[in-house]
Structures are given as structure tokens and as C-alpha cells.
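The structure under discussion appears below in the form of C-alpha cells.
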Amino acid sequence: MQENFWAFLIFVIVMTGTPGPGNIASMALGQAVGFKRSIPFLSGVVIGGATMDILTAIGLAELFMSYPQVSGVLKIGGMIYILYLAWKVLNMQANSSGEPKAFKFTEGLALHPLNPKHYAMAVSAFSQFADPSAGKFTEVMIFVATFTIVGGAFHCLWCFAGESFMKLLRSPAVRHTVNISMVVLMVGATAYALYK
């Protein structure tokens with residue numbers, strides 16, 4: 001991974017910067033409650049993603065490949081969780097008469113371990129870029145640190161973009177339409193990752 005670091009970094013930027021459940025949920029939350037109130041959720045997303053990356057690098061991928069039924073359960077659980085988050089995003093907007101509730105740290109923590117896109121990109125990245133002859137600890141540290149820093153930065157950027165929408169879109173009807181669009185994208189991206 002050290003020899004192929006720049007290619008790996010480009011892969012991580014493309015994969016973590018594009019729309020997926022984590023980025024779209026971050027944007028929707030930023031739009032609904034602002035960046036500051038989204039920090040607990042974003043912290044959970046980053047820690048959950050790092051945990052998933054560590055587990056993938058030390059052998060979780062092999063478990064899923066050896067036992068496809070475990071992977072199937074994870075996919076179903078992931079889709080159910082994404083639908084739950086989508087419902088919460090829509091419910092925040094529907095109950096906009098009061099102060100919308102921000103997502104919790106624990107809701108962010110569960111996002112990546114139940115996110116099929118994250119699992120697919122982590123397994124793909126580690127299998128393509130890790131050097132089996134290099135020290136495992138070094139490879140895992142580079143892998144996890146790169147995904148955590150770049151992914152965390154993009155989640156924050158998407159949340160800032162959502163907050164910017166909130167400032168620009170004063171009409172509740174327009175904001176509700178934007179939220180519905182984000183929910184459709186979040187669920188669609190997850191469904192695509194599941195059935196790709």
C-alpha cells in the first residue's frame with residue numbers, strides 16, 4: 001500500500017466523496033439542523049467507519065466471503081437501517097413546526113457497519129492495494145488512517161453543503177422537496193450497492 005499510496009488515495013477520494021448513504025445522510029442532517037448540531041452524528045459516522053475498516057483489514061472480509069449467508073444478513077440489516085434513517089430525515093422535515101431533533105452519536109456509529117457501499121469499497125480497496133509482503137500493522141494503519149481522514153472530511157463537507165442549502169432555501173416546501181430528493185438518493189444508492 002505504501003508503494004501504491006497515490007493510486008490508493010485517488011481511489012479513496014473518489015469512493016468517499018461520491019453520494020452514498022453516509023454523505024447524503026450528512027447533507028440531509030446539515031440541511032435540517034445545521035453543522036454544529038450534526039457533530040455527534042458525524043463523530044459516530046467517522047468512528048463507525050474506522051471500526052469497519054479495521055475489521056475488514058484484519059479479516060472480516062474473509063468471513064463474509066466464506067459465509068455468504070452472513071453477508072446476506074448484513075445487507076438486509078443495512079437496508080433496513082438506511083430506510084430507518086430515511087424515515088427520520090423525512091420525519092424531521094414533516095415536524096418542522098418545532099425544533100428538529102438531530103441524529104444521535106449511536107445512529108452515526110451504526111451507519112458504516114450497516115452500509116453496503118462502505119463494506120464493498122473497503123474490501124475492494126484492501127484487496128487491491130494492500131501488499132501481502134509488507135508488515136500487516138503498517139498496511140492496516142495506512143488503510144484505516146486514509147479512509148478515516150478523507151471520509152471524515154467529505155462527510156463534513158456534505159454536511160456543510162446541507163447547511164448552506166438551509167440558508168439558501170427559505171421556503172419550507174422547497175426544503176421538503178430537497179429532503180425527499182436526498183432520501184430517494186440515499187435509499188437508491190444503498191439499493192444499487194446491494195444489487196450491483
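Key figures
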{"item": "Dipole magnitude of the chain, debye to nearest 20 (Cβ charges: Lys/Arg +1, Asp/Glu -1, about Cα centre)", "result": "760 debye"}
{"item": "Rounded to whole Hz, the Karplus (6.51, -1.76, 1.60) HN-Hα couplings of segment 132-138, x for glycine and proline", "result": "x, 7, 7, x, 4, 4, 4"}
{"item": "Sparsely packed chymotrypsin sites (Phe, Trp or Tyr not before Pro) within segment 124-167, loop by DSSP, other Cβ within 10 Å at most 11", "result": "none"}
{"item": "In degrees, nearest ten, helix 5-17 long axis to first principal axis of the chain (Cα)", "result": "30 degrees"}
{"item": "Rounded tilt (10° steps) of 68-94 against the dominant C-alpha axis of the chain", "result": "20 degrees"}
{"item": "Cα shape, segment 9-51, gyration tensor, a/c 1.5 rule", "result": "oblate"}
{"item": "Label point distance in nm, A173-A120, each placed 7 Å from Cα along Cα→Cβ", "result": "3.7 nm"}
{"item": "Interchain or long-range residues, amide H under 5 Å from G34's placed H", "result": "none"}
{"item": "Answer label for volume of the Cα convex hull per residue in Å³ (calculated), chosen among (1) 111; (2) 123; (3) 102", "result": "(3)"}
{"item": "Carbon and sulfur %, accessible surface of the chain computed with the full protein complex present, 1.4 Å", "result": "71 percent"}
{"item": "The chain: angle of helix 21-33 to the longest principal axis, Cα-based, in degrees nearest 10", "result": "30 degrees"}
{"item": "Members of K75/K101; K88/K167; K75/K136; K104/K136 lying beyond 25 Å, as alpha-carbon distances in this model show", "result": "K75/K101; K75/K136; K104/K136"}
{"item": "Ranked order, R175, R37 - accessible area, probe 1.4 Å, largest first", "result": "R37, R175"}
{"item": "Heavy atoms of I76 accessible to a 1.4 Å probe, total area in Å² rounded to 10", "result": "110 Å²"}
{"item": "Whether segment 1-77 is rounded, prolate or oblate, judged on the alpha carbon gyration tensor where a/c under 1.5 counts as rounded", "result": "oblate"}
{"item": "Choice from L111, L83, L29 with maximal GNM fluctuation in the chain (Cα, 10 Å cutoff)", "result": "L83"}
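The values are calculated or read from the model by the stated rules, or taken from the named source; none is laboratory data. Just so it is clear, the model here is predicted, and its values are computed rather than measured. As a convention, Cβ positions derive from the backbone with ideal geometry for all residues, glycine included, and neighbour counts pool all protein chains shown. Note: accessible area is taken over every heavy atom of the protein model, side chains too, but ligands, DNA and RNA are not part of it. Shrake-Rupley method; radii C 1.70, N 1.55, O 1.52, S 1.80 Å.
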